[in-house]
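Below is one structure, written out as structure tokens; the observations come after it.
Please treat every number below as a calculation from the coordinates, not as lab data. What you see is a predicted model; the values in this text were computed from it and never measured. Note that we place each Cβ from the backbone using ideal geometry, even for glycine, and neighbour counts take in every protein chain shown.
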């Protein structure tokens, strides 16, 4: 069967959206019928760039909306929006259904209990509950990027695994652009686990300096 991400999204709606970061073209889309609704924010004309600046951001309700300090997700999203605007063009792809690296909101909150009570990290707390560590799929991101006319990107991420995932869907990643947020007493353990257990490049942890 043909991979739908090699084409474009199955359903798309577009509008203009002005945010506190700048003005974007908002593209709501589904990769396939019945799938989750995602959102791409497009600034400028990324299709005209040799390799557009792109952030593929996994949904994190606690961090993105409520400003949870145990992760850097909300800060990364804000920084990525600013980076795209500063660059003059680029894309933020916001993937829903990726909560807790794909395990869902209820399960993520249950892992927080083990992290806070038993001292487990973000990986071991998922395993302790019999859950997978990461079940995210990035085919939807590839589908909407191709719909926009982008197949070469400078990826705003610290994760080599995300490069591999997008490459598997035919998106050429020419550069991994760091998206480093400050280390604090609240997120140090989480960031350390991302570095040591999940392979993220987080040089600001060496050594951690707290304000």
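What to note about this one:
- Cβ-Cβ distance of residue 13 and residue 78, R₀ of 22 Å, FRET efficiency by 1/(1 + (r/R0)^6): the value works out to about 0.35.
- Length-normalised contact order for the range 154-211 - Cα pairs under 8 Å, 6+ apart - percent: 38
- Long-range tail of P(r) for the chain (Cα pairs > 23 Å, %): 45
- Three-way shape call for the range 139-203 based on the alpha-carbon gyration tensor, with the a/c threshold at 1.5: prolate
- When the P(r) of the range 97-155 is calculated, the portion above 18 Å amounts to 46% of the C-alpha pairs.
- With Cα atoms, 0 to 90° folded angle of helix 188-198 axis to the chain main axis: 70
- Relative contact order %, the chain, counting alpha carbon pairs below 8 Å whose residues are six or more apart: 21
- Degrees, to the nearest 10: 73-87 long Cα axis against longest axis of the chain: 30
- Classification of the range 97-211 by its C-alpha gyration tensor yields an oblate form. The axis ratio a/c (a ≥ b ≥ c) is 1.5 or more, and b/c is at least a/b.
- Cα long-axis angle, helix 105-118 against the chain (0 to 90 degrees, to the nearest 10): 30
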